[in-house]
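Remarks on the structure that follows.
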Amino acid sequence: MKRSAEEILKRHEKANEEHSRFREMYEDVFEYGMPGRYKTVNKNKTSGTKNRDNLFASVFEQACDKFVQSFQSLICPVNVDWIDFEAGHMFTQEGQNVSEVNKELSKIANICNIYKGASNFDTAFTEMSYDIIPGTACLCALEGTPDKPLRFSTIPFVDLKMEEGIDGEIDTYYRSIKIKNCLVEQQWQGAKHTYENGKDDEEVELVECTYYDYDIRKWHYAVVSKKGKFIVERVYKCSPFIDLRWS
């Protein structure tokens with residue numbers, strides 16, 4: 001069922017309360033293993049200040065770097081066309097011409113690899129690999145521009161909130177965003193955002209939300225202002241949010 005803007009904001013606040021229970025634990029991991037990862041982790045420090053005052057050894061930092069290098073080379077190696085498709089079991093059972101099907105799938109895979117190579121996926125996945133160390137990482141994939149058809153952004157834990165659906169699967173994602181008024185329409189093509197003259201550089205607080213609609217079996221994507229107005233509304237077959245979790 002489609003949710004109203006007010007309901008999205010209300011559920012976001014509830015998810016934020018659950019998120020706050022784990023925030024301190026996650027911040028400890030970032031402080032001692034990846035002190036330069038997010039400037040927003042420690043609110044007492046501003047951008048440009050030293051962030052290694054409490055570190056007396058770099059063992060954990062080195063371990064994090066080695067993990068990311070190994071994890072990315074194993075899952076999504078840089079500068080490698082690792083996307084590939086192959087006909088599955090149902091094709092062989094139905095007597096389809098598997099070789100012809102595989103040729104067409106290879107063409108599709110090649111296009112996917114080209115799109116991936118033209119995007120910022122490798123850089124975003126590196127950031128995501130660091131976030132998986134504490135236990136939760138999330139990558140958002142959205143439409144880009146003609147020269148970069150896909151645009152990937154890693155959502156830091158401090159901004160990410162989630163809700164669990166059936167079978168423990170995540171069916172709702174929230175991201176808190178502060179962005180300049182003049183950049184809203186650049187971030188989301190077709191966004192409905194108005195503001196007063198002279199306030200181009202003022203930041204506006206928004207909530208980005210993606211949730212699964214069990215009735216229509218599709219994903220709703222929305223960007224909502226704190227005033228309860230929709231800035232963006234879209235429907236996707238697949239979630240633009242990709243999450244990885246472990247304990």
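The values are calculated or read from the model by the stated rules, or taken from the named source; none is laboratory data. As the structure is a computational prediction, the values presented were derived from the model and not from experiment. Because the Cβ atoms are built from the backbone with ideal geometry, glycine has one as well, and the counts that use them run over all protein chains shown. These area figures cover heavy atoms from the full protein model, side chains too; ligands, DNA and RNA do not enter into them. Shrake-Rupley method; radii C 1.70, N 1.55, O 1.52, S 1.80 Å.
Odds and ends about this structure:
- Meets criteria (exposed (fewer than 13 other Cβ atoms within 10 Å of the Cβ) and touching a Phe, Trp or Tyr at 6+ places or on another chain (Cβ under 9 Å)) for GLU202: yes
- From ASN102, ASN113, residue being open to solvent by 30 Å² or more (accessible area, probe 1.4 Å) and without any contact (Cβ under 8 Å) to a residue 40 or more places away in the chain: ASN102
- Meets criteria (among the basic types (Lys, Arg), in contact (Cβ under 8 Å) with a residue 40 or more places away in the chain and surrounded by 13 or more Cβ atoms within 10 Å (Cβ to Cβ)) for LYS148: no
- Set CYS209, CYS238: member being within 14 Å of the chain's Cα centre (by Cα) and open to solvent by 80 Å² or more (accessible area, probe 1.4 Å): CYS238
- Qualifying residue in the stretch 17-40 (condition: at pLDDT 90 or above and assigned to a helix (DSSP H, G or I)): yes
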